[in-house]
Amino acid sequence: MRFGMFTDFHIRPGASQSEAFSESFRQVDAAESMGVDSVWLAEHHFSPDRSVLASPLVIASSIATRTQRLRIGLAVQVLPLASPLRIAEEASTVDQISHGRLDFGVGRSGLTKYYQGYNVPYEESRPRFMEALDVITTAWTKSTFSYRGDYYTYTDVTLVPQSYQTPHPPVFVALASADTFPLIGKLGHPIFISSTTQIPVLKERLALYRAARISAGHHDEAQVALRIPCYVSETPAGAMEEPRLSAQYFIRYAAEQLIASAASQEAADRFRQAAAAPFNEIANDRFLFGSTEQVIEKLGMYQEELGINAVVLEMNYGGRIPYDRVVNSIRLLSEHVIPKFK
């Protein structure tokens, strides 16, 4: 199993935006030195109380120059918000700078305020996403191409630079709604799933995804990455108490702030259920919080139930866990959990 660390480039209360960049880069450096396989970058807009990570490809380029081994992933680039041809150019540039360490994660986000800010109608998000993804993969696989779609049109353009990886960086697609699983399965792309969806529901949707892949002629192993909050401590009690305030803060933040801009009723319901449930129940059902032994056991359960072969771990869920505790959690993960799955 491959182990990735997800980061939001959080802004701590009372900290400056410059301090948010500095701390997050230090966390990336720690992941590199401790043997984590990859780091994954979010994309957030218009959220000054949450994150400075508005330009994930710019951040990815910086990480590429300060690391040697770590793979750099996007989780995710919100495709409908920008020119797909420009995204293809910038992603290829990062792939060259990193010598082929880019994992290109894409999605359309479940937050409508991003679309409102960029003056893009959210009801167009799915067709814009599919068209943008088509443009990007076409640009990566053809020397010169023309394209005419409902939203994007190009005539005799050539992508420069070409990507370092052949034919292009791996394309991971974030999936949430039920009907997108077979749709992306037909295209054969690797996928992200989230622990905020219950395991029985995920099993049903993954069955549709895998069946669609096979029907479309994709007979290689499906690449499925689970995104999940994670915190590892020396004791079970510490694993619950040390991240508690940070996790509870974000659960409240989601209920108060994110519901208002959630694009679907399903997403809004997940936020409400989390806010209403006791913290320990949510942590046990949807988080990977525990001692090393507990995390190994729970991760093995996810692997068996869902057939995942990668995890994207939110090591500072809520962005308010003290920095030294975050690094200690990464250390415990690297020394005691990761070796059990290699």
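The values are calculated or read from the model by the stated rules, or taken from the named source; none is laboratory data. Being a predicted model, the structure only gives us computed values, none of them experimental. Backbone-built Cβ (ideal geometry, glycine too); neighbour counts: all protein chains shown.
In table form, for the structure just shown:
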| quantity | calculated |
| --- | --- |
| Qualifying residue in region 51-62 (condition: of a type outside the set (D, E, K, R), more than 17 Å from the chain's Cα centre (by Cα) and on the phi > 0 side of the Ramachandran plot) | no |
| Pair list, Cβ under 9 Å, 6 or more apart: region 3-15 residue at pLDDT below 95, other residue part of a loop (DSSP other than H, G, I, E, B) and surrounded by 22 or more Cβ atoms within 10 Å (Cβ to Cβ) | none |
| Filtered residue count, region 128-168, keeping only those that are within 24 Å of the chain's Cα centre (by Cα) and of a type outside the set (S, T, N, Q) | 14 |
| Filter pass, residue 209 being buried (at least 18 other Cβ atoms within 10 Å of the Cβ), closer than 21 Å to residue 11 by Cβ and either within 20 Å of the chain's Cα centre (by Cα) or at pLDDT 95 or above (or both) | no |
| Odd one out for residue 48 among (1) within 30 Å of residue 338 (Cβ to Cβ); (2) touching a helix residue (DSSP H, G or I) at 6+ places or on another chain (Cβ under 9 Å); (3) not aliphatic (A, V, I, L, M) | (1) |
| Any hit, region 248-270, residues being without any contact (Cβ under 8 Å) to a residue 60 or more places away in the chain, over 19 Å from residue 42 (Cα atoms), surrounded by 15 or more Cβ atoms within 10 Å (Cβ to Cβ) and not aliphatic (A, V, I, L, M) | no |
| Residue tally, condition of a type in the set (D, E, K, R) and in contact with a Pro (Cβ under 7 Å, 6 or more places away or on another chain), over region 128-157 | 2 |
| Residue that is surrounded by the fewest Cβ atoms within 10 Å (Cβ to Cβ), among those in region 51-72 that are touching a strand residue (DSSP E or B) at 6+ places or on another chain (Cβ under 9 Å) and not in a helix (DSSP H, G or I) | 67 |
| Which listed residue is more than 26 Å from residue 134 (Cβ to Cβ), aromatic (Phe, Trp, Tyr) and in a strand (DSSP E or B), from 25, 21, 3 | 3 |
| In region 93-113, residue nearest to the chain's Cα centre (by Cα) [restricted to those that are more than 14 Å from residue 132 (Cβ to Cβ) and at pLDDT below 95] | 110 |
| Hey, residue 215 within 26 Å of residue 290 (Cβ to Cβ), at pLDDT 95 or above and out of contact with any Ser or Thr (no Cβ under 6 Å at 6 or more places or on another chain) or not | no |
| Residue in region 83-92 that is in contact (Cβ under 8 Å) with a residue 12 or more places away in the chain, under 24 Å from residue 160 (Cα atoms) and assigned to a loop (DSSP other than H, G, I, E, B) present | yes |
| Condition check for residue 337: farther than 20 Å from residue 248 by Cβ, part of a strand (DSSP E or B) and in contact (Cβ under 8 Å) with a residue 12 or more places away in the chain | no |
| Contacts under 6 angstrom Cβ, first residue in region 32-50 being within 19 Å of residue 62 (Cα to Cα), partner acidic (Asp, Glu) and at pLDDT 95 or above, 6 or more apart | 42/8 |
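Per-residue answers, yes or no, for (1) surrounded by 14 or more Cβ atoms within 10 Å (Cβ to Cβ); (2) modelled with pLDDT under 95:
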| site | (1), (2) |
| --- | --- |
| 119 | no, no |
| 124 | yes, no |
| 137 | yes, no |
| 140 | yes, no |
| 145 | yes, no |
| 148 | no, no |
| 168 | yes, no |
| 198 | no, yes |
